[in-house]
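What follows is a short report on a single structure.
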Amino acid sequence: MMMARCLSACRPATLLIAGVIGSGMIGAEPASLPFKSSPVPGGVAVIALPGQGAAPRATYRGEPVLVRRSARGWQAVVGIPLSAKPGREAIEVGGQAVSFTIKPKRYPEQRITLKDQRKVTPNAEDEARIAREQALMAPAWKAWPEGLVPSLRFHQPTPGGLTSSFGLRRIFNGEPRAPHAGLDIKAPAGQAVRAPAAGVVVLTGDFFFSGNAVFLAHGEGVVSLFAHLSKVTVKQGQLVQPGDLLGEVGMTGRATGPHLHWSLSLNNARVDPRLFL
Ligand SMILES: [Zn+2]
């Protein structure tokens with residue numbers, strides 16, 4: 001059943017973005033970064049880069065990194081994964097290492113009770129589905145639609161109280177699971193979910209954990225995921241402007257009640273979306 005549902009609902013991960021290449025019409029480049037460097041797991045490090053000429057190409061852990069020009073020169077804006085360990089790290093810029101230090105941050109623990117034990121310990125069929133879905137999601141998290149300059153100032157995608165849920169070390173039915181790599185916004189089912197910034201829809205589907213979900217690529221490796229939706233109202237390849245409707249709040253997938261789960265990713269590392277609000 002699970003497989004049949006997924007096969008009919010999951011769409012291929014083809015990143016059809018050719019239509020927006022060179023449009024240059026969305027995403028205003030801010031004069032300065034709207035946030036300070038927070039070089040912690042789940043945070044964003046802002047790293048000064050050498051050189052004043054053309055935009056340097058920087059990578060972190062093999063992933064291309066967003067660069068911005070400030071009054072003082074080029075800066076790399078680097079997402080740090082929750083799994084990163086504190087200590088010296090480096091990004092690579094034109095074959096040279098530029099080092100920075102990850103500071104420690106300990107996130108609180110959260111214990112969650114789920115009635116559906118399969119959402120805690122998936123069976124073999126579920127595991128196969130999860131693996132297929134991860135293969136679909138992997139390119140979506142890395143999407144870099146050409147010609148899209150991401151805004152780094154986001155609107156809240158749906159009204160509601162912001163929880164401090166990002167980064168929580170979670171224990172489902174007594175079993176430790178991956179940390180919470182997103183922000184939960186408590187909201188009633190059916191409430192509109194709107195694009196927090198311009199972007200292109202790179203993947204939609206019905207996923208085991210995320211339920212009905214939308215992946216929105218904002219440009220230069222900045223990607224949002226909106227999960228547990230009751231309804232998705234956009235299609236893959238669609239270009240959206242800030243405030244455009246993406247879908248409605250729900251509780252599909254692994255959720256204990258209606259809310260919006262919003263993950264924000266830079267260079268394939270999930271970071272706290274509150275840094276961008
Ligand atoms: Zn969540």
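General remarks:
- Complete set of residues in segment 59-87 that are open to solvent by less than 30 Å² (accessible area, probe 1.4 Å) and among the acidic types (Asp, Glu): none
- Top-ranked residue in segment 227-241 [being assigned to a loop (DSSP other than H, G, I, E, B) and touching a strand residue (DSSP E or B) at 6+ places or on another chain (Cβ under 8 Å); ranked as nearest to the ligand (Cβ to nearest atom)]: Ser230
Yes/no matrix, rows are residues, columns are (1) within 17 Å of the chain's Cα centre (by Cα); (2) farther than 21 Å from Thr252 by Cα; (3) open to solvent by 10 Å² or more (accessible area, probe 1.4 Å); (4) not basic (Lys, Arg):
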site: Met137; (1), (2), (3), (4): yes, no, yes, yes
site: Pro150; (1), (2), (3), (4): yes, yes, no, yes
site: Pro157; (1), (2), (3), (4): yes, no, no, yes
site: Leu162; (1), (2), (3), (4): yes, no, yes, yes
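- Residue that is most open to solvent (accessible area, probe 1.4 Å) [pool: residues in segment 221-249 that are within 15 Å of Phe209 (Cα to Cα) and not hydrophobic (A, V, I, L, M, F, W, C)]: Ser230
- Scanning segment 208-218 for residues that are touching a residue at least 40 places away in the same chain (Cβ under 8 Å), buried (at least 24 other Cβ atoms within 10 Å of the Cβ) and not in a loop (DSSP other than H, G, I, E, B) yields Ala213, Phe215, Ala217, His218.
- Applying a threshold of 9 Å to beta carbon distances and a minimum spacing of six or more residues, or different chains, the list of pairs starting in segment 172-195 at a residue that is under 17 Å from Phe226 (Cα atoms) and ending at one that is more than 15 Å from the ligand (Cβ to nearest atom) and of a type in the set (Asp, Glu) reads Ala189/Glu248; Gly190/Glu248; Gln191/Glu248; Ala192/Glu248; Val193/Glu248; Arg194/Asp244; Ala195/Asp244.
- Cβ-Cβ under 6 Å pairs, at least 6 apart or on other chains, segment 127-139 side closer than 16 Å to Asn212 by Cβ, far side in a helix (DSSP H, G or I): Arg129/Met2; Arg129/Cys6
- Counted residues, segment 250-263 - those being within 12 Å of the ligand (Cβ to nearest atom) and open to solvent by less than 10 Å² (accessible area, probe 1.4 Å): 3
- Meets criteria (touching a residue at least 24 places away in the same chain (Cβ under 8 Å), exposed (fewer than 15 other Cβ atoms within 10 Å of the Cβ) and at negative phi) for Pro56: no
The values are calculated or read from the model by the stated rules, or taken from the named source; none is laboratory data. Just so you know, these numbers come straight off a predicted model, no measurement behind them. Every residue, glycine as well, gets a Cβ built from its backbone with ideal geometry; the counts of neighbours run over all protein chains shown. We work out accessible area using only protein heavy atoms, side chains counted, and drop any ligands, DNA or RNA first. Shrake-Rupley method; radii C 1.70, N 1.55, O 1.52, S 1.80 Å.
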